[in-house]
Each structure stands twice: as C-alpha cells, then as structure tokens.
1. Could you work out the pair-distance distribution P(r) of the chain from its alpha-carbon pairs, with 10 angstrom bin width and percents rounded to whole numbers?
2. Packing-wise, with mean Cβ within 10 Å as the measure, how do 132-139, 82-89 rank, highest first?
3. Could you tell me what percent of the accessible area of the chain is made up of carbon and sulfur, with a 1.4 Å probe and every protein chain present?
4. Among the aspartates and glutamates, which have Cα under 12 Å from the Cα of Lys38 when same-chain residues fewer than 8 positions away are ignored?
5. Mind ranking 115-128, 157-170 by how tightly packed they are, going by the mean number of other C-beta atoms within 10 angstrom, highest first?
6. Output the pairs from Lys23/Lys51; Lys51/Lys85; Lys51/Lys109 with a Cα-Cα distance over 22 Å in this structure; if there are none, say none.
7. Given an 8 Å cut-off on Cα distances and at least 6 residues of separation, report the relative contact order of the chain as a percent.
8. If packing is taken as the average count of other Cβ atoms within 10 Å, what order do 46-59, 92-105 fall into, highest mean first?
Amino acid sequence: MAKPNVISKQELLEAAQTCLAEKGIEKITLKAVAEQAKVSQGTVYYHFRTKEQLMIELVQSLCDASWQSMQQSDRTMEEAIQEAKERCEYHSVYHRLFFSSLAASFHNKENRMQLGSMIQQENKYLSEILRARWGQSPIKNISMDQWGIIMNALIDGMAVQALLNEEFPKEDVFTALQVFFDFMTNEVKP
C-alpha cells in the first residue's frame with residue numbers, strides 16, 4: 001500500500017466534519033473528504049478503508065472530544081444533561097451520524113465492536129459523573145456501573161425520539177430528567 005501524503009488521520013477527520021456540515025450525511029463520501037482535504041483519494045483510503053469506517057472514527061472523534069472536555073472541566077451531572085440536551089435535536093448531525101454508523105455496523109464485526117467499545121466508555125464516564133454526585137448508588141442492588149448504562153440509555157433513547165419527532169418536547173423531558181436525578185440525590189421530595 002502506498003504511503004499517505006503528509007496529512008494526519010485527525011486532519012482527515014476534520015475535513016470529514018467540514019464535509020458533513022456543508023453537504024450533510026447523505027452526501028459525504030471518501031472522495032468528498034479527499035477534495036476537502038486537498039489530497040488524493042488514495043490518501044483517504046490509506047487511513048479509512050470504507051465510508052463506514054470513516055463515519056465510525058468520526059463519531060469516535062466527536063465522542064472523545066466531548067468526554068475529554070467533560071473530564072477536564074470536572075463537569076457536574078447538570079452540565080452533562082445540558083450538553084445532551086443541546087445535541088438532542090430533530091436535525092442533530094451528531095446523532096444521525098451515530099445511529100447511521102450503528103445501523104451500518106451490524107454487518108461488520110470490527111465496526112460493531114468499535115461502536116460497542118465507545119458505548120461502554122460512555123457508560124463508564126457517566127458512572128464516574130454519577131459517583132461524584134451520589135457517592136454511592138441511591139438504590140440498593142443497582143450498581144454505579146448499572147446507573148451509567150441506564151443514564152446512557154435514557155439519553156440515547158431521547159435522541160432517537162427527537163430525531164423521529166420534530167415536535168419532541170425536549171425542554172419538558174430534560175427538565176423531568178433533571179428532577180429525577182435531583183430526587184435520586186435526595187434534593188427534591190416526591
């Protein structure tokens with residue numbers, strides 16, 4: 001295989017993000033990324049064998065940046081919920097990219113494992129945020145790791161509903177989610 005031009009994988013991911021923003025998810029191709037980055041298609045193929053691999057790595061890059069930002073700033077559960085709320089939109093590029101990559105990965109074991117690993121990492125980060133907030137699980141027999149999975153499932157489920165329903169009551173639902181976590185922290189009486 002030929003060596004790539006002098007461009008990093010990260011620079012190609014940034015070019016892919018630009019393509020995504022300008023052209024939309026349906027029209028992003030490896031060729032479009034190559035044109036955006038001003039490199040040959042072979043250079044893009046050197047780093048990404050398929051469009052699906054590019055999409056998954058783009059999702060990974062976006063997730064990593066989000067979680068690194070949260071870890072560096074010692075964000076609270078309220079800030080994590082606010083960030084999730086901001087991405088929960090009918091036209092959410094992030095969630096369309098994530099769920100499209102998820103659906104495409106079912107027939108590719110390597111991609112499926114990579115996405116599974118990303119979700120496990122998100123569960124872990126959420127468990128850590130909850131542990132910092134609660135100290136220990138507020139309900140006996142539910143571990144902090146299980147709470148991280150539950151929180152991630154709630155947020156992803158709301159994202160799916162927002163993608164499918166332009167009238168999704170985001171403000172009300174995220175307010176209810178905040179009340180739920182305040183209740184679990186015994187800050188609100190039932």
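The values are calculated or read from the model by the stated rules, or taken from the named source; none is laboratory data. The shown structure was predicted, so the numbers you read here are calculated from the model rather than taken from an experiment. Cβ: placed from backbone, ideal geometry, glycine included. Neighbour counts: every protein chain shown. Each accessible area value is taken on the protein alone, full model and side chains, heavy atoms only, with ligands, DNA and RNA left out. Shrake-Rupley method; radii C 1.70, N 1.55, O 1.52, S 1.80 Å.
1. 8, 31, 32, 18, 8, 2, 0
2. Values: 132-139: 12.9, 82-89: 16.8.
Going by the mean number of other Cβ atoms within 10 Å, highest first, we get 82-89, 132-139.
3. Working: 5730 of 10980 Å².
Carbon and sulfur: 52 percent of the exposed surface of the chain.
4. Glu11
5. Top of the packing list down: 115-128, 157-170.
6. Numbers: Lys23/Lys51 15 Å; Lys51/Lys85 28 Å; Lys51/Lys109 15 Å.
Checking Cα-Cα distances, Lys51/Lys85 exceed 22 Å.
7. Working: 159 pairs, mean separation 37.0, N = 190.
19 percent.
8. Details: 46-59: 19.8, 92-105: 18.1.
Highest to lowest by the protection proxy: 46-59, 92-105.
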